[in-house]
1. Between the range 264-305 and the range 37-99, what is the separation of their alpha carbon centroids in Å?
2. May I ask you to order 108-119, 41-52 by the average number of other C-beta atoms within 10 Å around their residues, highest value first?
3. Note down the Stokes-Einstein diffusion coefficient of the chain in µm²/s, whole number, using a Kirkwood radius over alpha carbon pairs, 20 °C, and 1.002 mPa s.
4. Take the alpha carbon gyration tensor of the range 73-205, find the square roots of its eigenvalues, order them as a ≥ b ≥ c, and report rounded if a/c is under 1.5; if not, report prolate when a/b exceeds b/c, else oblate.
5. What angle, in degrees between 0 and 90 and rounded to the nearest 10, separates the Cα long axis of helix 180-190 from the longest principal axis of the Cα atoms of the chain?
6. Against the 2.2 N^0.38 Å scaling, with N counting residues, where does the range 242-313 land? I'd like the Cα-based Rg ratio to two decimal places.
7. Take each of the peptides 158-169, 238-249, average the number of other beta-carbon atoms within 10 Å over its residues, and list them starting from the highest.
8. Which of P102, S211, A61 sits closest to the plus end of the dipole of the chain, meaning its Cα is farthest towards the positive end, when Lys and Arg get +1 and Asp and Glu get -1 on the C-beta?
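Each value in this text was obtained by applying a stated rule to the coordinates, not by laboratory testing. Bear in mind the structure is a predicted one, so any value in this text is a computation, not a measurement. Glycine also receives a Cβ, built like all others from the backbone with ideal geometry; neighbour counts cover every protein chain displayed.
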Amino acid sequence: MSRRKKGQDIHGWIVLDKSLHLTSTDAVTRVRRAFDAKKAGHAGTLDPLATGILPIALGEATKTVAWLMEAEKSYRFTVEWGASTDTQDREGKIIATSDVRPSKEAVEAALVGFIGEIQQVPPIYSAIKVAGERSYDLARDGEVPELKARTVLLIEAHLVDVPDADHATIECRCGKGFYVRALARDLATALGAEGHVSALRRTSVGPFHESAAITLEKLQEVCDSGTASDSLLPVETALDDIPALAVTAEEAFRLRQGRGIVLLPHQVEELRSKRRPRVVSGEDMSRAALATLQGQAVAIGDARAGRFEPVRVFQLSASD
């Protein structure tokens, strides 16, 4: 006889404002416990030395994590000139120093060269696997893993503040797999300087922004007061850029059973007009759509040949 999972069926997203030094795993654990939720997960690790947006999925929302992992992200970070470290942040060991302090104009001009699709070598202190081992584990054991450059996208980047000659604060928006620490490293190299990230804050992940974020302390307060549900965003929030397909109650019933439905000609045309290239977990999902019943997620599915076949089904009640 299997044991019943502990916790409640809580479904939705928490936009956590992660504090300094807290790991992403610990953040998920604390949110899950605050809600007494059965299931929880996060959409993209945030380093312990970084603060800001860490979207945490509860219950059925965990089925949308892979989609949010593909989303654009925004950061605000400060580069400290004068020293480079092995981790490219203030936690690491200094490996090089320089008296060069780039001017505001020089930083602005250099940033332009990184906009668009670029080749970026990830930091050796990263979670990328090398021969089955995490790169940061190899680095901590004294090895220097050889990481290959990858194509990443930097959508925009601009200098927002120069508080003093030793620091430059930059805001950027990027695609999946982009490393801010690597940008700081490469920017310093382009400027003939040494530098590392001394402060890093993630300001958005896809549809989740700072304006909707809540700290762990505040979250615990609302959980204790019985108003925690006010902080939960709907499961479908993470899927805001996927074409929506309104379905009937009968069609929703079929989809929740894993059965497909027939699309009307106008639905086919509408979904076709909203298609765009999309890869999720390595699979082509350009024909994906979100079936909804009265605005609530029913299923993510594949729309083709006049039919909608469910790929991921959500078991939500009207009260969720």
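1. 30 Å
2. Descending packing order for the listed peptides: 41-52, 108-119.
3. The Stokes-Einstein estimate is 99 µm²/s.
4. Oblate, because a/c is 1.5 or more while a/b does not exceed b/c.
5. 30 degrees
6. 1.00
7. 238-249, 158-169
8. Of the options given, the answer is A61.
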